[in-house]
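Down below is the structure, laid out as C-alpha cells.
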Amino acid sequence: MASRVGITNGTSSPLNSSRFLSPSKNSSFQTQNGSNSNSASLMTQNKTVLVTGGAGYIGSHTVLQLLLGGFKTVIVDNLDNSSEVAVRRVKELAAEFGKNLNFHKVDLRDKAALEQIFSSTKFDAVIHFAGMKAVGESVQKPLLYYNNNLIGTITLLEVMAAHGCKKLVFSSSATVYGWPKEVPCTEEFPLSAANPYGRTKLTIEEICRDVNRADPDWKIMLLRYFNPVGAHPSGYIGEDPHGIPNNLMPFIQQVAVGRRPALTVFGNDYKTVDGTGVRDYIHVVDLADGHIAALRKLEEADIGCDVYNLGTGKGTSVLEMVRAFEKASGKKIPLVKAGRRPGDAEIVYASTKKAERELKWKAKYGIDEMCRDQWNWASKNPYGYGSPDSTN
Ligand code: NAD
Ligand code: UFG
C-alpha cells in the first residue's frame, strides 16, 4: 500500500514556512557528511533501503534524513505504536524527495507479506527499528516481547537471506550495559539484561553475530542508542507514545501541555550531582544521521558484524533536564519525589570514540536544542498525531 500525502491534525503544514522550504538552508537537514537534498551523494544514488518500524519515533526521523540524503526508502510498519500521519508528514517534509518513499502496513512476522515486498523491490540494505520497547510492559508480558521482537527479527533475517540482501543496521540499546561499573560505557563493556526487553536486544545482537559467523557475506551494524529525545526542528514529526509515557522527556512534555499534573522523579539519593539519575540524551536528528553514517560504513569491504554506541558522551541528571525544558518552554514542571524505579541504573553515558573514529559521526546538538525542539513539537501537537479524544 502506497502512502498518501495530505495531512493534517490541527497543525499547519511546515511547507508553508520558508524555513523548511529548502533543506539546504537548514543544517538540521544535512546528512552527517554535509551532503543535503540538493547534493545527494553518488553513494546514495539508486540505493533503496527498507526501514522496519519507519513510522515510529526514531524511524520517522531516520526515513526523512534518508530521503533528503537521496535514498529511495520503503517503510514496513504494523502501526502498533505509531501513526500513518507520521509517514505522510515525513513525505511532505521531504518535499520533492517524498516521491521516493513507500509505506506498507505489514507486521514483520507476516512472512508471506514480507516475501512479497522483497520480491517486488531489490533492497541494498535494511534498517531494523521495528520492535516493542516498553521495559515495564516487557516484564508484565514477556512472551509478547519475545514473540514480537525475536520472531519479527528472525523472519526478517530469513527473508533478507532468501533475497540476497545481507546488509543490516539494527537498533540495539544502551540497556545492554545494565548498571555499568564505570562510565563512559565503551562497546567492550560486559553485557547484561535486567528485563525481557533488554534480553530481546541482547539475544538479537547474538543472533546477528551468529548469522555473520555462519555467512561472512552478511554485514551488520549493531547500534546501541543512548537516550533519544527531541524532535525534528519543524515541529512536524516527533515522539507520540501510546498510553502513559515510560520515558522522561515524553512525560515532561505531557506535563507541560497540561495532560498530566506533575512529573514523578524516581530517586533522589543517587551519587550524582543532585541525587537524580544521569543519562546520555541525544537529539533524535543526530541519531537519525548516525544511521546514514552506519549505512556508509556498510559499503566498506571489511565489515563483519560490528557494534557502535550512538550517544553524545555527556551525562545529564533528571533535574538538569527538567530545568533545561522549563527554560526552553517557559513552563513550570511540577515535581513529585518518589523512590528509585526498579531496574534503573545510576549513571549511564556513552564513550563516543569508536563511532567518531570509524563512522565519522558525532552528535551536533546539545540539551538546549533537544528541549527547544521537543517543546516546538509538543506545543504544536499537544496530542501527538491524534486528537484529544483519541488518546490516553
Ligand atoms: P517506536 O515504538 O516509536 O517505533 C517502533 C516501530 O516499530 C513502531 O512504529 C511500531 O508500530 C513498529 N513495530 C513494532 N513491532 C512491529 C512488528 N512486529 N512489525 C512491524 N512493525 C512493528 O520506538 P522508537 O523509539 O522509534 O524505537 C525504535 C527502535 O529503537 C526499537 O527497536 C527500540 O527498541 C530501539 N531503541 C529505542 C530507544 C528509545 O529510547 N526510544 C532506545 C534504545 C533503543
Ligand atoms: N525518570 C523519572 N521520571 C519519569 C521517567 C523517567 O524520574 O517519569 C528518570 C529515570 O528514573 C531515569 C531517567 O529519568 O533516571 C531516564 O529515564 P528514561 O525512562 O527516560 O530512560 P532510561 O535510561 O531508563 O531507558 C531508556 C529506554 C530504554 C533504553 C535506554 C537506553 O526506556 O529502553 O533508555 O537507550 F534501553
Could you work out how far apart the two model spin labels at Ala113 and Glu96 are, taking each label as a point 7 Å from the Cα in the direction of the beta carbon, and quote it in nm? 3.4 nm
Per residue of region 338-347, what does 6.51 cos²θ - 1.76 cosθ + 1.60 with θ = phi - 60° give for ³J(HN,Hα)? Whole Hz please, x for Gly and Pro, Karplus curve as stated. 9, x, 4, 7, x, x, 6, 8, 7, 9
Would you compute the Debye intensity of the chain from its alpha-carbon atoms alone, equal scatterers and no solvent, and pass along log10 I(q)/I(0) at q = 0.06, 0.11, 0.12, 0.13 Å⁻¹ to two decimals? -0.21, -0.75, -0.91, -1.09
Under 5 Å between amide hydrogens, which residues at least 5 positions from Leu310 or on another chain qualify, with H placed 1.01 Å from N in the peptide plane? Arg224, Tyr225, Phe226
Over the chain, what is the relative contact order in whole percent, taking alpha-carbon pairs under 8 Å and six or more residues apart? 18 percent
Out of the GluC sites (Glu not before Pro) in region 236-341, which ones are loop residues according to DSSP with at most 10 other C-beta atoms within 10 Å? Glu300
Using alpha-carbon positions, what is the distance between the centroids of region 178-211 and region 325-392, in Å? 23 Å
Nearby lysines by direct alpha-carbon distance to Lys111 (threshold 25 angstrom, same-chain neighbours under 8 apart not counted): Lys47, Lys72, Lys122, Lys133, Lys141, Lys166, Lys167, Lys201, Lys219
Rounded to the nearest whole Å², what accessible area per residue is found for region 151-267 with the 1.4 Å probe? 36 Å²
Charge-dipole axis of the chain as Lys and Arg at +1 and Asp and Glu at -1 on Cβ define it, positive-most pick from Val257, Ala112, Val135: Val257
Quick one: dipole size for the chain, taken about the Cα centre, charges +1 on Lys/Arg Cβ and -1 on Asp/Glu Cβ, in debye to the nearest 20. 700 debye
Residue-by-residue Karplus 3J(HN,Hα) for region 227-235, coefficients 6.51, -1.76, 1.60, Hz, glycine and proline x: 10, x, 9, x, 7, 4, x, 5, x
Calculate what fraction, in whole %, of the accessible area of region 239-392 sits on carbon and sulfur atoms when a 1.4 Å probe is rolled over the protein chains. 52 percent
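Loop-only trypsin sites (Lys or Arg not before Pro) in region 105-136, please: DSSP not H, G, I, E or B, and at most 14 other Cβ atoms within 10 Å.
Values: sites: Lys105, Arg109, Lys111, Lys122, Lys133; in loops: Arg109, Lys122, Lys133.
Sites meeting the loop and neighbour criteria: Lys122.
The values are calculated or read from the model by the stated rules, or taken from the named source; none is laboratory data. For clarity, every value in this text was computed on a predicted model and none was experimentally measured. Positions of Cβ are backbone-derived with ideal geometry, glycine not excepted, and every protein chain shown enters the neighbour counts. Heads up: the accessible areas ignore ligands, DNA and RNA and are worked out on the full protein's heavy atoms, side chains in. Shrake-Rupley method; radii C 1.70, N 1.55, O 1.52, S 1.80 Å.
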